[in-house]
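First comes the structure, then the notes that go with it.
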Amino acid sequence: MDLQLQGKSALVTGATAGIGLAIARTLAEEGVAVTMTGRTQDKLDLAMASIRAVAPQALLRGICVDLAQAGGAAQLVSTLPDTDILVNNLGFYEAKAFADITDEDWAAMLDVNVMSGVRLSRHYFPRMLSCNWGRVIFVSSEVAAFTPPDMIHYGVSKSAQLAVARGLAELTKGTRVTVNSVLPAATRSEGIVDFLRQTAPQAGMSDAEIEAHFFAEHRSSSLIARMIEADEIAAMVALLASPLGAASNGAAVRVEGGSYRSIL
């Protein structure tokens, strides 16, 4: 299927690994000129090389910047004043008992997961409206719908992303700009595999056994009963970024394997 993205430009934050890298690769394969951000040049170079290995004609640019800080966002928008598609993917998670989550932990979680997207949207979104075309996509999480007790600060940050996205979408009425969120569940990456190993009930279990145990004990509602692949998330993001996805606006699109029990 031609997603009609040839000639568009995109900014993907946190794009050196995992979901962000998969999104950047998928968009590049569709002919989008993709700008990727990361905090270290070495990781950016490796990420861009991995995309060019499968898409030699990819139009890529890497910008090394720390978007957890307001100064990083200012640096980025100064370097890249405009983009057709903004994918607010940057984020992190951690498990921590509620009583142990310090003010500094809360501030860091909200700065990275929420404010990075707010700051960039504040710059690019009005420009999209003035051009009467654009896409803003927040990569949220299934935990935006049900806050896990062992990472409440993370759940709050992901719920906040949905609120920001829906509020921005309300400002697009009658335009060709859309704002949506995607809600992945546990997505295969080096980080999540390490995290799941901490849930293993006994030593010596294989990664496959650990994954099966996690879904049996901690995500028993998952209908696919497995981790999601990053490319599966990227495919949904690419569709929402496409002119073909124009009818989805203000939506929280679930890509979580059916773990959230709701008909809506």
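For the subset of segment 67-100 comprising residues that are touching a helix residue (DSSP H, G or I) at 6+ places or on another chain (Cβ under 9 Å) and among the polar types (S, T, N, Q), which member is surrounded by the fewest Cβ atoms within 10 Å (Cβ to Cβ)?
Gln69
Among the residues in segment 50-62, are any in contact (Cβ under 8 Å) with a residue 24 or more places away in the chain, under 24 Å from Ser141 (Cα atoms) and out of contact with any Pro (no Cβ under 6 Å at 6 or more places or on another chain)?
Checked against the condition, which is being in contact (Cβ under 8 Å) with a residue 24 or more places away in the chain, under 24 Å from Ser141 (Cα atoms) and out of contact with any Pro (no Cβ under 6 Å at 6 or more places or on another chain), segment 50-62 yields no hits at all.
Looking only at residues that are polar (S, T, N, Q) and assigned to a loop (DSSP other than H, G, I, E, B) in segment 1-60, which one is surrounded by the most Cβ atoms within 10 Å (Cβ to Cβ)?
Out of the qualifying residues, it is Thr13.
I'm trying to understand the selection: among the residues of segment 82-109, which are in contact (Cβ under 8 Å) with a residue 40 or more places away in the chain and over 18 Å from Arg39 (Cβ atoms)?
Within segment 82-109, Asp82, Thr83, Asp84, Ile85, Leu86, Ala95, Lys96, Ala97, Phe98, Ile101, Asp105, Trp106 qualify.
Within segment 129-147, track down each residue that is within 14 Å of the chain's Cα centre (by Cα) and among the small types (Gly, Ala, Ser).
Answer for segment 129-147, where residues must be within 14 Å of the chain's Cα centre (by Cα) and among the small types (Gly, Ala, Ser): Ser140, Ser141, Ala144.
Bear in mind that the values in this text are calculations on the coordinates, not laboratory data. Keep in mind that what you see is a predicted model, and the values were worked out from it rather than measured. Using ideal geometry, Cβ is built from the backbone for each residue, glycine included, and neighbour counts are taken over all protein chains shown.
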